Amino acid sequence: TRQDISTNSVEWFAQPTNGISYFTAYIPTTGLEPHLLPFLPLYCSLATQIGAAGKSYTEMAEQVEAHTGGIHLNSEILDDPDKTDRFEAVVSVRGKALNHKQGELFGIIGDYLTAPDFSDVIRIRTVLMQLQTSFENAISGSGHLYAARAGAASLSNAAKLREQWAGISLLHLLRKLTAMNDNELLEETQKFAKISEFLIVRNKFACAVTGEKQIFAATEKSLTRFLERLPTGVKKTDQKDDENAPKPGSFGWTTSVPVSYVTRTFKTVPFSHPDSAALLVLAKLLRSGYLHREIREKGGAYGGLASCNVEGGLFSLLSYRDPHILRTL
């Protein structure tokens with residue numbers, strides 16, 4: 001069922017969830033200044049790992065652990081199923097808690113969103129270094145995925161943004177930030193505060209609650225209090241044209257591994273096109289047939305893969321831990 005709470009649309013999904021309620025909100029990022037966009041996934045990672053509302057990050061973490069099943073922010077890209085060049089970039093807010101803990105859940109989410117503390121440069125550096133280490137450790141096991149994102153980034157604006165938010169570009173940004181001294185890093189944290197100010201506006205939130213119907217009335221009261229805490233502002237919807245639209249090309253990166261991760265990516269058709277199903281089947285046939293034989297058995301790579309992203313309209317051929325580059329291409 002759908003219901004309007006003040007200026008916000010809320011979807012209510014009645015499900016047998018065994019005493020747990022789930023909250024989701026989507027916030028559009030349209031209109032965010034271009035120089036802030038690369039920092040958005042870092043804001044999402046930091047938002048629930050710092051102090052808020054006058055409490056330290058350890059006090060906030062204790063509250064999350066005591067009252068909820070977790071609270072997360074993520075940057076996401078929602079592709080249009082009919083047009084590969086159309087998409088919406090959003091920030092998702094997700095949290096879950098036992099039915100009788102809904103008040104605490106929305107209170108903690110409200111603290112994180114409305115009163116984040118980006119002044120603790122030591123904590124921010126720690127979180128950023130953890131993210132950097134996680135990215136660097138993932139390259140040897142998932143280098144083909146990073147390569148696929150990089151290849152796709154030259155074919156569509158959505159894929160370009162995905163690479164910026166979850167690819168090598170983000171690793172480069174992390175390395176740049178963690179190399180700064182405390183004063184320089186503290187100055188950069190102002191970008192996170194600006195992102196928060198832009199996003200956390202009441203009428204931007206589209207919300208959903210999933211749980212058992214009998215607790216919806218009580219949940220609505222907690223949700224209403226949460227929404228009333230959010231600042232009011234102008235919902236910006238203007239989207240400027242990308243002056244640096246992606247252009248197909250060939251490129252590579254070097255890193256400290258003795259093997260390569262090679263990809264070739266093609267722009268195909270949107271999800272609703274009749275050929276998208278055939279492309280999904282083709283990816284499986286190529287992987288189990290031709291690519292396995294040529295890339296792994298003859299070429300000596302650990303794997304030859306094919307992947308069809310029907311949501312983004314992309315088709316990728318990949319090799320994993322590959323001693324060859326030119327032969328594979």
Residue list for the stretch 113-129, restricted to those being within 17 Å of the chain's Cα centre (by Cα) and surrounded by fewer than 19 Cβ atoms within 10 Å (Cβ to Cβ): VAL127
Output for the stretch 253-277, where each listed residue is surrounded by 11 or more Cβ atoms within 10 Å (Cβ to Cβ) and in a loop (DSSP other than H, G, I, E, B): TRP253, THR255, VAL257, VAL259, THR268, VAL269, PRO270, PHE271, SER272, HIS273
Any chance ARG287 is at negative phi, open to solvent by 60 Å² or more (accessible area, probe 1.4 Å) and among the charged types (D, E, K, R): yes
Elements of type helices (runs of 4 or more DSSP H) contained in the stretch 138-235, each with 1 or more residues being in contact with a Phe, Trp or Tyr (Cβ under 7 Å, 6 or more places away or on another chain): 157-166, 168-178, 190-199, 216-229
Qualifying residue in the stretch 21-30 (condition: farther than 30 Å from PHE271 by Cβ and open to solvent by less than 70 Å² (accessible area, probe 1.4 Å)): yes
Filter pass, ARG175 being open to solvent by 70 Å² or more (accessible area, probe 1.4 Å) and touching a Lys or Arg at 6+ places or on another chain (Cβ under 7 Å): no
Complete set of residues in the stretch 308-329 that are open to solvent by less than 20 Å² (accessible area, probe 1.4 Å) and either of a type outside the set (Asp, Glu) or under 24 Å from the mean Cα position of the chain (by Cα) (or both): VAL310, GLY312, GLY313, LEU314, PHE315, SER316, LEU318, SER319
Exclusive hit being open to solvent by less than 20 Å² (accessible area, probe 1.4 Å) and closer than 16 Å to LEU40 by Cα, set GLY167, GLY143, GLY110: GLY167
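Yes/no matrix, rows are residues, columns are (1) free of Cβ contacts under 8 Å to residues at least 60 places away in the same chain; (2) under 16 Å from LEU128 (Cβ atoms); (3) of a type in the set (Lys, Arg):
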| position | (1), (2), (3) |
| --- | --- |
| GLY19 | no, no, no |
| THR24 | no, no, no |
| THR30 | no, no, no |
| GLU33 | no, no, no |
| CYS44 | yes, yes, no |
| GLN49 | no, yes, no |
| ALA52 | no, no, no |
| MET60 | yes, no, no |
Identity of the residue in the stretch 53-90, out of contact with any strand residue (DSSP E or B) (no Cβ under 7 Å at 6 or more places or on another chain) and among the aliphatic types (A, V, I, L, M), that ends up surrounded by the fewest Cβ atoms within 10 Å (Cβ to Cβ): ALA66
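The values are calculated or read from the model by the stated rules, or taken from the named source; none is laboratory data. Keep in mind that what you see is a predicted model, and the values were worked out from it rather than measured. Positions of Cβ are generated from backbone atoms using ideal geometry, with glycine treated the same way; all protein chains shown enter the neighbour counts. SASA here: full protein model, heavy atoms, side chains in, ligands and nucleic acids out. Shrake-Rupley method; radii C 1.70, N 1.55, O 1.52, S 1.80 Å.
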